[in-house]
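Just so you know, all these numbers are worked out from the coordinates, no wet-lab data involved. Just so you know, these numbers come straight off a predicted model, no measurement behind them. Here the Cβ positions follow ideal geometry from the backbone for every residue, glycine too, while neighbour counts run over all protein chains shown.
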Amino acid sequence: MRVALCYPPLVYQGRVPVMTQSRIFSFTHSREVRIYPLVMAQAATLLKRDGFAVAWMDGIAADESPAAWRARLEAGDPDLVVLETKASLVTRHWEFIRDLKIRLPRTRVVLAGDHVSYFPKESLRACPVDYVATGGDYDLSVLGIARHLRGDARSLPGGVWRLEGGRAASTGAVRQLKDLSSLPWIDRDLTEWWRYGEAYLHRPVAYILSGRGCGTVKGPGRCTFCIWQYAFWGKRARLRDPGDVAREIASLVDRYGVREVFDDNEAGGMWDLAWLRAFTEELERIGVAGRVMISSNCRADSVTPDRVGLMKRAGFRLLKIALESGNDDTLRRIAKDETVEEVVRGVKLAKDHGFAVMVTTMVGFPWETEFELQRTYDIARELLLYKAKPGDCLEANIVIPYPGTPLHRYILDHGWFAVPPGDYDRYGLSRPVVKAPVDPVLWARRIWGLHRDPRFLVRSLASVRSWRDLELAFRGLRSLLGHERDYEPGTEASAPVS
C-alpha cells in the first residue's frame, strides 16, 4: 500500500509558503526558511516501519514546480495522500483535493493540521476529502487510518472525522500519547533532512522535538494567539525522556555529521529544571556535549542562573525568545504570563552567558497606538544591540488571529476584523486582517530593518571568529532582504494563490 505525505508547492507573487512546522504562517520571499516538518516526518517513519511504501513529497522544500511535483505524485499512484494544512492554505488545499480526486479517483485523502482540528466539518463540506485527522498527534492518527484501510484494524483511531450517510461523523475524542519516547527516532533519509534549515542556524542542521506542547516555569503556556497550544495540545506539555533526546542527538552527529541541532518544541525542555539537568548529564556521559551546537525555542522565564549554566555545559548556542510586545498591557491581554521586564532580563542574561538570541515580535494589535509600537521597536532594538554577536537577530510578524484561538474570538467579539473572518486566503500575506490605529506593515519593516543599524553591524562583525560565522551572516543578509520584500508597500494582498 502506497502512502504519499504531501506539501504541494504553492507560490504567491514570487513568495513561498512557510508551511512546515510553523505556528505563525506566512508567504515569504526568503528562500532561507525551510523548517523541518517533525510530526509529519514522524508519521512517515511510523508508516515505513509498519510496512507501507512511503513517498516523501515536500515540493516546497525541494523547490519543485507545481507541474513537475504533480507529475511525480500521479506517477506514484498513491493509495493514500496525507496533507498538513493551515487556515491560510486550506482553500488551496481543498482545490488541490478536488483536482486530485479527478485525476486519481481511487486515492484516499487525509487532511491534518491545526485549522482542521478546530473545524473538521468545514473541510468535509468543502471538498471530497476522505478523512480529517484532528489533534497534534496526527502522526499516530495517520498510521491508524492507513492500517484501517489495509485491513489490519477494524476501527479508526479517535479524533478522525469522515462522512457517514452524507453527514460528518467523529470516531470520538483525540487521545494523546503519554510516552513520547516510545516513538522511534525519525527516519532522516526517508524524509530528506538535508533540504531543511534557517538562516540563523549552522549547516548541516537537524531538527528535533524534545516534546510536544508549550511548558513554562509557571505552568502550561496559554498565549491566546498560539494555535497549536489550543488546537493541538489542549494546553498540555509533554517531554520525551531526556536520555532518549540526548541519544538521538548523538546519532545525528555520528551518522550525518550534524553541526547544529534545533529543538522546535514550542518552549524547549529547559522550563523543567530536572529534565534539563538529566539531559545535560546524559550528553556529557555519552561524550556529545561540546561536539554539536544546540539551539532551541525558549521562554525568557526559563533563562535563570541555575539553568544557563546547564545549557552552556550541554552546548546550547542560540535561544529563540518571544518578546511579542514591549507593552505589559498587551502581554496581559494575550495571556503571555510574562512581563516586559522579565523578557528583557531573560534575554540579557542569555547574552551575558554568551548565547546568541533571536527575539520575535508581533505588530498590529488593534489596541496598540503608535506610542506602544514605538516602545516595542525601542525594546527590540535595545535587545538586538545588547552584546551583539553573530547569530543575533529579530523577527517581526503581523498579528494574525487564527480561527479557533481565544485571540480570534476576542477580535471577533470587538468587531476588529478588517476583512471577512472567513476569508482565509488573506491570513498569510504579511498584511493586516485586523483593524489597527497605525500601519503594522510599516512597523514590521522598521523592526526587520534594525538589522541594518550600524552599531549592530559593527558589533556583529567585530565578534566574527570563523568563516562559519561569516557564512551565517551572509545567509542572514539574504534572508533579511527577502523578509523586507514581504513588507514592501503597495503589494496587492488579495491576489489569488496558485
Taking amide H positions as placed in the peptide plane 1.01 Å from N, state which residues far from Ile398 in sequence (5 or more) or on other chains have amide H under 5 Å from it.
Val363
Whole number please: convex hull volume per residue, Cα atoms of region 43-134, in Å³.
104 Å³
State which entries of Lys178/Lys235; Lys312/Lys389; Lys48/Lys121; Lys235/Lys351; Lys48/Lys235 exceed 24 angstrom in Cα-Cα distance in the structure shown.
Lys48/Lys121; Lys235/Lys351; Lys48/Lys235
What list of whole percents do you get for P(r) of region 2-163, with Cα-Cα distances grouped in 5 Å bins up to the one holding the largest distance?
2, 9, 20, 23, 23, 16, 6, 2, 0, 0
Hydrodynamic radius by Kirkwood, which averages 1/r over all alpha carbon pairs of region 197-486, in angstrom:
19.7 Å
Can you work out D for region 183-241 in µm² s⁻¹ from Stokes-Einstein, where Rh is the Kirkwood radius over C-alpha pairs, the temperature is 37 °C and the viscosity is 0.692 mPa s?
239 µm²/s
Of all the Cα-Cα pairs you can form in the chain, what percent are over 35 Å apart?
30 percent
Using Cα pairs closer than 8 Å and at least 6 residues apart in sequence, work out the relative contact order for the chain, in percent.
14 percent
With +1 at each Lys and Arg Cβ and -1 at each Asp and Glu Cβ, the charge dipole magnitude of region 392-474 around its Cα centre, to the nearest 20 debye, comes out at 240 debye
Take the alpha-carbon centre of region 304-325, take the same for region 1-42, and report the distance between them in whole Å.
27 Å
Could you calculate the contour length gain from Leu190 to Arg455, that is, 0.36 nm times the residue separation minus the distance between their Cα atoms, to one decimal place in nm?
91.0 nm
Rounded to the nearest 0.05, what FRET efficiency do Glu284 and Asp329 give with R0 = 51 Å and r taken as the Cβ-Cβ distance? Could you check?
0.70
Return the distance in nm (one decimal) between the two label points of a simple spin-label model at Arg468 and Arg31, each offset 7 Å from Cα along Cα→Cβ.
2.5 nm
Pair Trp367, Ser251: separation of 7 Å Cα→Cβ label points (nm):
4.7 nm
Kindly provide the helix-only [θ] at 222 nm of the chain, computed as the sum of -39,500 (n - 2.57) over DSSP H runs of four or more divided by all residues, to the nearest 500 deg cm²/dmol?
-11500 deg cm²/dmol
Relative contact order of region 1-130, defined on C-alpha pairs under 8 angstrom at six or more residues apart (%)
28 percent
For a paramagnetic label modelled at 7 Å from the Cα of Ala153 toward its Cβ, which residues of region 164-182 fall within the zone defined by backbone nitrogen distances under 11 Å?
175
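If the viscosity is 1.002 mPa s and the temperature 20 °C, what Stokes-Einstein diffusion coefficient in µm²/s follows for region 1-92 when Rh is the Kirkwood radius over Cα pairs?
Numbers: Rh = 13.8 Å.
Rounded, D is 156 µm²/s.
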Can you work out the FRET efficiency for the pair Arg175 and Asp413, with r the C-beta to C-beta distance and R0 = 41 Å, to the nearest 0.05?
0.80
Going 7 Å from the Cα of Lys218 along its beta-carbon direction, which residues of region 254-287 have the amide nitrogen within less than 16 Å of the resulting point?
267, 271-272
Roughly how far apart, in whole Å, are the Cα centres of region 430-445 and region 133-204?
36 Å
Virtual spin-label span in nm between Arg49 and Arg478, 7 Å along Cα→Cβ:
3.5 nm
Among 203-211, 444-452, 285-293, how do they line up by average Cβ neighbours within 10 Å per residue, starting with the highest?
203-211, 444-452, 285-293
